[in-house]
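S.K.: Take this structure, written in structure tokens, and hold onto it; I'll ask about it next.
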Amino acid sequence: YSFCTLLEGGVGDIMSSEQLKRKVLLMGQAHSGKTSMRSIIFAHWVARDTRKLGPTTEVEYSHVKFLGNLVLNLWDCGGQVSFVKNYLSSQEKHVFSNVAVLIYVFDIEMGPPLHGTEEWESQLTVFKRCLASLVKNSGNAKVFCLIHKMDLIAPDQRDEVYENCKFQLEEQVREALAEAEAPPTLTQNVTCFATSIWDESLYRAWSMIVYALVPKIDVLQRLTDTFCGLCQADEVVLFERQTFLTILSSRRPDMEQHPDDHRHEKISNIIKQFKLTAFRQGSLVQSMEVTNSRFTAFVNQFTSNTYVMVVLSDKTIPRAATKINIALARQKFEELIDSSSELASVM
């Protein structure tokens with residue numbers, strides 16, 4: 001009863017029709033891996049097959065339906081020098097206006113310590129110019145810097161290389177904001193990630209990007225917290241259905257910090273690959289259950305746009321009770337989605 005009451009009283013006006021589309025720029029120099037990561041996240045490619053992809057010419061537009069009515073208007077911008085010049089001159093207003101998020105991909109292969117400083121400095125210079133154009137045309141946009149192809153760096157050097165690159169990027173951000181006479185607080189809108197298509201780091205970065213795009217994420221968080229508590233679950237994780245990116249999670253307040261901060265992304269990657277394998281065999285995965293001596297994990301299709309994972313370590317809780325709780329929550333969420341087109345935009 002309390003779960004349903006909170007849902008009915010806590011949703012409110014989630015989003016207006018103007019918020020249904022989110023313009024996302026995906027930029028970086030040629031061959032930095034932009035289209036490869038887009039194909040892995042949204043087109044279900046596996047990493048090894050991205051070698052077949054050709055270079056992007058000019059701008060490739062795609063509309064990705066995400067979480068119901070929320071549409072990502074994704075602009076994959078070719079990184080060849082001639083195209084970049086046009087983005088920053090004659091096409092500046094067209095490219096950089098009404099942007100919600102800029103994702104800028106830095107190719108670590110073309111920078112220290114693998115190659116040299118000249119190519120890296122070139123990437124920094126172009127990034128700074130793009131940032132200036134973004135501040136001028138979309139001052140409230142969020143910026144995500146992906147320091148990419150980190151798998152090429154020796155494991156014992158990755159942290160040092162990443163921190164060094166991050167420091168240099170933050171310097172460029174501060175300089176660009178100062179030159180544009182923009183508030184220095186806008187540096188809070190810039191986030192860096194170390195990424196690779198060969199591990200879960202790519203899913204972690206894109207999950208955080210999606211988190212920034214979903215309106216009223218605090219409403220979803222509150223509902224998930226309530227659901228977690230009423231199920232007496234150790235943890236509840238909500239995934240987007242198509243991409244299986246992590247949207248948000250909730251865990252029991254008295255639980256200790258888990259030693260693996262990347263476990264959600266690892267689980268996301270594993271389940272997505274399992275779903276793709278099953279699909280190729282003509283099967284669809286609607287639910288699965290994993291049980292061992294320490295916990296039971298339920299993974300179920302939740303709403304029409306999400307999957308949920310519920311993890312319990314308390315063996316006294318009947319498995320049937322957890323399944324009923326998931327079904328009841330699903331029904332309530334779907335009722336709210338059907339009765340409000342605004343809510344459908346975030347579920």
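The values are calculated or read from the model by the stated rules, or taken from the named source; none is laboratory data. Values in this document were obtained by computation on a predicted structure and should not be read as measured data. For neighbour counting, all protein chains shown are included, and Cβ atoms are generated from backbone atoms with ideal geometry for every residue, glycine included. The accessibility values were calculated without ligands, DNA or RNA, using every heavy atom of the protein model including side chains. Shrake-Rupley method; radii C 1.70, N 1.55, O 1.52, S 1.80 Å.
S.K.: Tell me the carbon and sulfur percent of the accessible area for segment 39-84, rounded to whole percent, probe radius 1.4 Å.
M.R.: 53 percent
S.K.: May I ask you to compute the full-extension gain from Asn86 to Thr191, defined as 0.36 nm times their residue separation minus their alpha-carbon distance, rounded to one decimal in nm?
M.R.: 35.2 nm
S.K.: Mind checking Rg over Rh on segment 272-314, alpha carbons, Kirkwood formula for Rh?
M.R.: Rounded to two decimals, Rg over Rh is 1.05.
S.K.: Moving on to the next point. Using alpha carbons only, how many angstrom separate the centre of segment 169-221 from the centre of segment 21-44?
M.R.: 15 Å
S.K.: Here's another thing I want to ask about it. As an exercise, use a Förster radius of 30 Å and the Cβ-Cβ distance of Thr57 and Asn140 to find the FRET efficiency, rounded to the nearest 0.05.
M.R.: Calculated transfer efficiency: 0.50.
S.K.: What fraction of the DSSP beta bridges in segment 124-268 is antiparallel, stated in percent and rounded to the nearest 5?
M.R.: 50 percent
S.K.: Checking a compactness column here: for segment 152-226, what do you get for Rg(Cα) / (2.2 N^0.38 Å), N being the number of residues?
M.R.: 1.43
S.K.: If you don't mind, there's one more thing I want to ask. Checking the cross-link filter: which lysines have an alpha carbon closer than 26 Å to that of Lys315, excluding same-chain neighbours under 8 positions apart?
M.R.: Candidates past the 8-residue exclusion: Lys266, Lys323.
S.K.: Separate question: Does segment 76-173 classify as rounded, prolate or oblate by the C-alpha gyration tensor (a ≥ b ≥ c root eigenvalues; a/c under 1.5 gives rounded; else a/b over b/c gives prolate, otherwise oblate)?
M.R.: prolate
S.K.: While we're on this one: Starting from the eigenvalues of the Cα gyration tensor, five times each then square-rooted, give me the equivalent ellipsoid semi-axes of segment 194-275, largest first, whole Å.
M.R.: Working from the Cα gyration tensor, I get semi-axes of 22, 15, 12 Å.
S.K.: Separate question: Calculate the dipole size of segment 157-235 relative to its Cα centre from +1 charges on Lys and Arg beta carbons and -1 charges on Asp and Glu beta carbons; express the result in debye to the nearest 20.
M.R.: 300 debye
S.K.: Any idea what the dipole of the chain comes to, in debye rounded to 20, about its Cα centre with Lys/Arg Cβ at +1 and Asp/Glu Cβ at -1?
M.R.: Once rounded to the nearest 20, the dipole reads 1040 debye.
S.K.: Given the DSSP H assignment, sum -39500 (n - 2.57) over each helix run of at least 4 residues in the chain and divide by its residue total; what's the result at 222 nm in deg cm²/dmol, nearest 500?
M.R.: The per-residue figure over the chain is -13000 deg cm²/dmol.
S.K.: Let me ask something else. If you take every DSSP beta bridge fully contained in the chain, what fraction is antiparallel? Give it as a percent rounded to 5.
M.R.: DSSP beta bridges in the chain are roughly 55 percent antiparallel.
S.K.: Separate question: Could I have the simple spin-label model distance between Arg48 and Ser122, label points 7 Å from Cα toward Cβ, reported in nm to one decimal?
M.R.: 3.3 nm
S.K.: Separate question: Quote the FRET efficiency, to the nearest 0.05, computed for Thr291 versus Gln331 with a Förster distance R0 of 30 Å and r equal to the Cβ-Cβ distance.
M.R.: Taking R0 as 30 Å, the efficiency between Thr291 and Gln331 is 0.75.
S.K.: To check my understanding: the extent here is largest minus smallest coordinate of the Cα atoms along each principal axis. What are those three numbers for the chain, in Å, largest first?
M.R.: Its Cα atoms span 62, 44, 42 Å along the three principal axes.
S.K.: Here's another thing I want to ask about it. Give me the accessible area per residue for the chain, probe 1.4 Å, as a whole number in Å².
M.R.: With all protein chains present, the chain gives 49 Å² per residue.
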